[in-house]
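The values are calculated or read from the model by the stated rules, or taken from the named source; none is laboratory data. Just so you know, these numbers come straight off a predicted model, no measurement behind them. With ideal geometry, Cβ positions are generated from the backbone for all residues, glycine too; neighbour counts draw on all protein chains shown. Side chains included, ligands, DNA and RNA excluded: accessible areas come from the protein's heavy atoms. Shrake-Rupley method; radii C 1.70, N 1.55, O 1.52, S 1.80 Å.
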Amino acid sequence: MVLLNPGETIVRQAAATRVNPQGTRDGTLTLTNQRLVFEAEIPGGIGSPAVTRTTIDAPLFRIRNASVPKPLLGKPRLEVELPQQVGLFQVDDADGWYQAIAQARAAAPPPPPGAGIGGGPGMGGGPGRGPGGRPWMGPRGRGMGGWRGPGGGMGGGPGGGGPAAPAVVLRCRYCGNLNPPTATKCESCGAGI
């Protein structure tokens, strides 16, 4: 059961199955006017009841993309891309979910100051730091220097006269590795970008 924040209302809620390479997980997908939440049902042991765990609780401004890939066989699935993961869900009316997410994002308030992806206070980092204060890692584990992520920009340029242009990197949707803008395959896992 989703606990709502003040002023938060449920836009859409339904049973869903999250599909992962490790397997599937049944649960409840909830879209509010502020966030997207997936609560999975974790089976209990012998004689123990199932436990509900929240596996996704993402503010709407953190949703990078939503789509409905059409497979050759089976029903379309809802795909939601977040900064650290991609959620793939089997839901009834995947197209309706896509439309609801798009409308909720359009109507959502702007993100709070500093809540950008990367080194801002919203992720707990600083210059050149990612989630949890860890350095953003580039190809083959090398640090990305002063990169702060989208919206964060970099410090002074080589001449020391003002901010440089923001760094452009491509994040692998499978492993999360940051790749140079000219990459066609992830330098860490080899997946196509």
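So here's what we get for this one:
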| quantity | calculated |
| --- | --- |
| HN-Hα J in Hz across region 108-114 - Karplus 6.51, -1.76, 1.60, θ = phi - 60°, x for Gly and Pro | 6, x, x, x, x, x, x |
| Cα gyration tensor shape for region 5-88, rounded if a/c is under 1.5, else prolate or oblate | oblate |
| Net charge over other residues, Cβ less than 14 angstrom from the Cβ of PRO69 (K, R count +1; D, E count -1) | +1 |
| Rounded D (µm²/s) - region 42-109, Kirkwood Rh over Cα pairs, Stokes-Einstein at 25 °C, 0.890 mPa s | 177 µm²/s |
| Accessible surface of VAL80 - all protein chains present, 1.4 Å probe, nearest 10 Å² | 0 Å² |
| Shape category assigned to region 29-78 from the gyration tensor of Cα positions, a/c cut at 1.5 | oblate |
| Solvent-accessible surface ranking, highest first, for PHE38, PHE61 at 1.4 angstrom | PHE61, PHE38 |
| Amide hydrogen neighbours beyond the local backbone of VAL11, cut-off 5 Å, H modeled | LEU31, THR32, ASN33 |
| In Å², nearest 10: area of THR9 left accessible to a 1.4 Å probe | 80 Å² |
| Sequence of ILE101, ILE193 from largest to smallest accessible area, 1.4 Å probe | ILE193, ILE101 |
